[in-house]
Every structure is written in structure tokens, then in C-alpha cells.
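Below: the structure, in C-alpha cells.
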Amino acid sequence: MIQQLEQAIIKLSELSQTEQEEIAQMILSTIESKKQSANAWDTLEEMAGSIEAPEDWSKEHDHYLYGTPKNNNNEQ
């Protein structure tokens, strides 16, 4: 983790002052929102819609998680 932070700081130092301030604000906001997350449901709500997945993920989750054959219901 420390190595990642060191790499990020090096890359940040190459940016303009304005860009550095914007990124610093994003980091601080993210940290603050993590502190305010009371439970797992809050975290899940924050993440909802932020993860890329196939359109049929909800219907075919067993296929994507465990490799079972798709249901092939073709209902859309």
C-alpha cells in the first residue's frame, strides 16, 4: 500500500497545482465518506451502478460466478 501511495505522489507532483488540488479534494471527500459509512448497506449503496458487468448479470449470476451453463431464457 505504501508503495502505491508513493507512486501516486510522484505522479501527482507532475501535475499542475490546480490538478493537484482537485485530486486532493477528491481523496479527502472519499476518505470522509468512508468514515461516515455506518454499515455494509451504506457501502453497497455507494457502489451501486459503479461496477461494470454484463447486462444479464442478475439473471445469469451462477454462470458468471461458478461457470454453470447459461439459462438461455432469452427474455428481454
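Rounded to whole Å and sorted largest first, list the principal axis extents of the Cα atoms in the range 1-40.
For the range 1-40, the Cα extents along the three principal axes come out at 37, 24, 9 Å.
Which label marks the calculated value of Kirkwood radius over Cα pairs in Å, given the options (i) 12.9; (ii) 16.4; (iii) 13.3?
Correct label, based on the coordinates given: (ii).
Take each complete run of DSSP H in the chain, measure how far its Cα atoms stretch along the helix's own axis, and keep only those covering 18 Å or more with mean Kyte-Doolittle hydropathy at least 1.0; list them.
none
So how much slack lies between residue 1 and residue 20, counting 0.36 nm per residue of separation and subtracting their Cα-Cα distance, in nm?
Stretched fully, the residue 1-residue 20 segment lengthens by 4.8 nm.
Positive end of the dipole of the chain, charges at C-beta (+1 Lys, Arg; -1 Asp, Glu), about the Cα centre: which of 72, 43, 20 has its Cα farthest in that direction?
About the Cα centre, the residue reaching furthest to the positive side is 43.
Readers should treat all values here as calculations from the given coordinates under stated rules, not as data from a laboratory. Bear in mind that the values here come from a model prediction, so they are computed numbers and not experimental data. Neighbour counts run over all protein chains shown; Cβ positions are idealised from the backbone, glycine included.
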